[in-house]
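Working notes for the structure below.
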Amino acid sequence: MIKITTPLSEEVIEKLQIGDEVLINGVIFTARDAAHKRLYELLEKGEELPVNLKGQIIYYVGPTPAKPDRVIGSAGPTTSGRMDKYTPRLLDYGLKGMIGKGLRSKEVQEAIVRNKAIYFAAIGGAGALLSKTIVKSEVVAYPDLGPEAIYRLEVVDFPAIVVIDARGQNLYEVGPKQFLKE
Amino acid sequence: MRNLDVNEIKNAIKTLVVKANQELSTDILNALKVAANYEKSEVGKKILQRVIENAQIAKDEELPICQDTGTAVIFLEIGQDVHLVGGNLHEAINQGVREGYTEGYLRKSIVKDPLNRINTGDNTPAVVHIDIVPGDRVKITVAPKGGGSENMSQLKMLKPADGVEGVKQFVIDTVRQAGSNPCPPIIVGVGIGGTFEKAALLAKKALLREVGSQNPDPFYNSLEKELLEKINNLGIGPQGLGGRVTALAVHIETYPTHIASLPVAVNLNCHVARHETVIL
């Protein structure tokens with residue numbers, strides 16, 4: 001287990017390898033389909049983003065509503081591939097990390113390498129467990145999107161696995177090959 | 001003739017959608033425990049242990065097991081000697097879903113139109129399948145279905161000449177192409193026969209069968225076991241990061257079909273396979 005703190009420096013990112021289990025601490029931002037579309041369109045028009053995401057991590061999540069006594073509801077990752085169209089632009093802008101689940105496109109993988117960024121997987125279907133590592137949650141942009149708004153989350157020891165590292169190694173390709181039986 | 005107030009159906013659905021989303025059923029939990037012991041990948045083993053821990057937290061703290069609390073898929077078997085009174089059945093079903101998803105702090109994941117995509121705000125309408133059966137009881141099964149695994153499901157109209165080998169190939173290809181997206185370890189529901197839409201419904205119903213139960217037909221029982229082994233040989237593993245456990249079970253349902261047809265549907269379910277039943 002490697003403890004890391006956001007925002008991520010290139011030094012930290014370069015040390016991480018696929019298969020490394022990390023515990024993320026600090027601030028991360030949520031965004032999924034609708035928020036990505038808006039961020040992408042702002043960047044394309046050369047306009048400022050509503051949140052400074054330079055050096056930051058985006059978590060692809062649409063949590064359940066928080067019960068009155070809780071910070072957030074169940075909050076596991078959604079499928080990252082749906083954001084692939086928008087991700088290279090965000091990485092070129094300065095985003096450093098992503099947390100989600102599942103394969104990324106070739107374009108995303110290239111943008112990760114080009115920008116010395118990193119892609120983590122959180123466990124899909126473990127939203128109750130993951131919610132316990134989130135200690136603060138507030139909407140910082142696009143409240144009209146409801147569960148798809150951009151939230152600023154503070155996390156303590158949020159567990160994730162490095163699945164695409166800054167060298168372009170991909171655990172979704174390497175991992176299954178080791179266990180394939182012809 | 002027995003009178004049954006649709007309000008009772010509404011109340012049952014309200015309770016079941018919340019329970020199904022918070023409590024993983026014993027068959028799945030047991031299968032996950034066996035899988036965690038068996039898994040050879042270190043990362044895979046840890047993922048399975050965390051998934052089991054997650055189920056416990058969800059139950060103890062009354063939180064959804066997964067944030068994708070799904071489309072409310074509801075199966076009703078209505079006895080032909082039941083007279084439903086007190087209102088419109090479909091409105092009662094949707095009211096149950098509405099109250100359950102709102103009061104139970106579940107996520108609302110339904111958009112009103114598939115292209116205009118405005119959220120309905122209360123997770124209605126449900127997807128409802130009704131069978132009329134003998135008797136004077138009503139059996140309600142609520143099976144919330146997540147989008148990630150539903151998106152990786154497939155249907156194909158094979159040629160009869162493709163036979164059992166064609167079916168095996170299609171099932172395995174579907175799981176391989178799905179890779180990490182349906183949140184493995186998965187349950188694989190296979191519907192063979194009938195017509196285009198019947199095969200899809202059979203595949204969905206196959207997901208309701210208890211994990212670990214045997215198919216009563218010896219031929220299909222052995223086909224299920226063979227497919228499970230072949231799927232686990234793909235190496236996809238927990239969350240698609242490599243391992244021995246890609247699926248927990250393969251369930252096959254069949255129906256007579258046309259002399260020219262061999263429809264096959266493969267409906268995938270993530271490891272958070274939810275279904276709760278009550279009989280009124």
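Distance between the modelled labels on A:Glu41 and B:Ala161, one decimal in nanometres: 5.2 nm (7 Å Cα→Cβ projection).
The heavy atoms of B:Val73 offer some 10 square angstrom of accessible surface to a 1.4 angstrom probe. Place a point 7 Å from the Cα of B:Asn119 along the Cα-to-Cβ direction; which residues of segment A:34-66 have their backbone N under 20 Å from it? Correct set: A:34-40, A:50-51, A:58-66. Taking the convex hull of the alpha carbon positions in chain B and averaging its projected area over all directions gives 15.4 nm². Note on A:Asp165: accessible area is roughly 0 Å² with a 1.4 Å probe, heavy atoms of protein only.
Taking the DSSP beta bridges with both ends in chain A, the antiparallel portion is around 55 percent.
Peptide B:99-108 has a mean shielding of 3, counted as Cβ atoms of other protein chains within 10 Å of each residue's Cβ. For an R0 of 45 angstrom, estimate the FRET efficiency from the Cβ-Cβ distance between B:Ala260 and A:Glu21 and round to the nearest 0.05. So the FRET efficiency works out to roughly 0.25.
Dimensions of the protein assembly as shown based on its C-alpha atoms, expressed as ranges along the principal axes with the largest first, amount to 72, 53, 41 Å.
Provide the three semi-axes, in whole Å and in decreasing order, of the ellipsoid equivalent to segment B:148-273 as defined by the square roots of 5 times the Cα gyration tensor eigenvalues. Kindly include the intermediate steps, with their values, before the conclusion.
Numbers: eigenvalues 100, 41, 36 Å².
Result for segment B:148-273: semi-axes of 22, 14, 13 Å.
Comparing Cα centroids, segment A:28-85 and segment B:157-198 end up 34 angstrom apart.
The length gained by stretching the chain between A:Val140 and A:Tyr93 to full extension, at 0.36 nm per residue less their Cα-Cα distance, is 15.0 nm.
In order along segment A:31-37, the phi-based Karplus estimate (6.51 cos²θ - 1.76 cosθ + 1.60, θ = phi - 60°) of 3J(HN,Hα) comes to 6, 10, 3, 5, 5, 4, 4 Hz; Gly and Pro are listed as x.
What trypsin sites (Lys or Arg not before Pro) in segment A:37-74 are in a loop by DSSP, with at most 11 other Cβ atoms within 10 Å of the Cβ?
On the way: sites: A:Lys37, A:Arg38, A:Lys45, A:Lys54, A:Arg70; in loops: A:Lys45, A:Lys54, A:Arg70.
Qualifying residues, ordered by number: A:Lys45, A:Lys54.
Applying a threshold of 19 Å to the alpha-carbon distances of A:Lys101/B:Lys45; A:Lys85/A:Lys106; A:Lys116/B:Lys45; A:Lys3/A:Lys85; A:Lys181/B:Lys40; A:Lys3/B:Lys59 flags A:Lys116/B:Lys45; A:Lys3/A:Lys85; A:Lys3/B:Lys59 as lying beyond it.
To the nearest 0.05, what FRET efficiency results for B:Val85 and B:His129 with a Förster distance of 25 Å applied to their C-beta separation? Between B:Val85 and B:His129 the formula returns 0.70.
Quote the convex hull volume per residue of segment A:94-157, based on C-alpha atoms, as a whole number of Å³.
Looking at segment A:94-157, the number lands at 122 Å³ per residue.
Of the trypsin sites (Lys or Arg not before Pro) in segment B:97-186, the ones in a loop by DSSP (not H, G, I, E or B) with at most 12 other beta carbons within 10 Å are B:Lys112, B:Arg117.
Lysine pairs in segment B:148-273 with alpha-carbon atoms under 20 Å apart, 8 or more places apart or on different chains: how many are there? Close lysine pairs found across segment B:148-273: 14. Since only A:Tyr142, A:Gly124, A:Asn170 are under comparison, the one whose Cα sits farthest along the positive direction of the charge dipole of chain A, derived from C-beta charges on Lys, Arg, Asp and Glu, is A:Gly124.
What does the charge count around B:Thr71 come to, taking other residues whose C-beta lies under 10 Å from its C-beta (Lys +1, Arg +1, Asp -1, Glu -1)?
On the way: positive: B:Lys145; negative: B:Asp68, B:Glu150.
Every neighbour counted, the sum reads -1.
By accessible area, using a 1.4 Å probe on protein heavy atoms only, chain B has 52% of its surface on carbon and sulfur. For segment B:1-160, report the translational diffusion coefficient in µm²/s to the nearest whole number, using Stokes-Einstein at 10 °C, 1.306 mPa s, and a Kirkwood Rh over Cα pairs. In µm²/s, the coefficient rounds to 90. With Cα atoms defining each centre, segment B:53-120 and segment B:1-35 are spaced 11 Å apart in the structure.
Here's how it looks for B:Asn123: its modeled amide H is under 5 Å from those of B:Ser109, B:Ile110, which are all 5 or more places away or on a different chain.
Applying D = kT/(6 pi eta Rh) to segment A:49-134, where Rh is the Kirkwood radius over alpha-carbon pairs, T corresponds to 10 °C and eta to 1.306 mPa s, the Stokes-Einstein value obtained is 117 µm²/s.
Where does chain A land on the Kirkwood hydrodynamic radius, alpha-carbon pairs, in angstrom? Display every interim value, and only then the final one.
Numbers: mean 1/r = 0.0612 Å⁻¹.
Final number for the Kirkwood radius of chain A is 16.3 Å.
Largest first and in whole Å, the equivalent-ellipsoid semi-axes of segment B:69-134 read 26, 13, 11, each the square root of five times a Cα gyration tensor eigenvalue.
The values are calculated or read from the model by the stated rules, or taken from the named source; none is laboratory data. As the structure is a computational prediction, the values presented were derived from the model and not from experiment. Glycine gets a Cβ as well: all are built from the backbone with ideal geometry, and neighbour counts include every protein chain shown. Side chains are part of the model used for accessible areas, which takes the heavy atoms of the whole protein and leaves out ligands, DNA and RNA. Shrake-Rupley method; radii C 1.70, N 1.55, O 1.52, S 1.80 Å.
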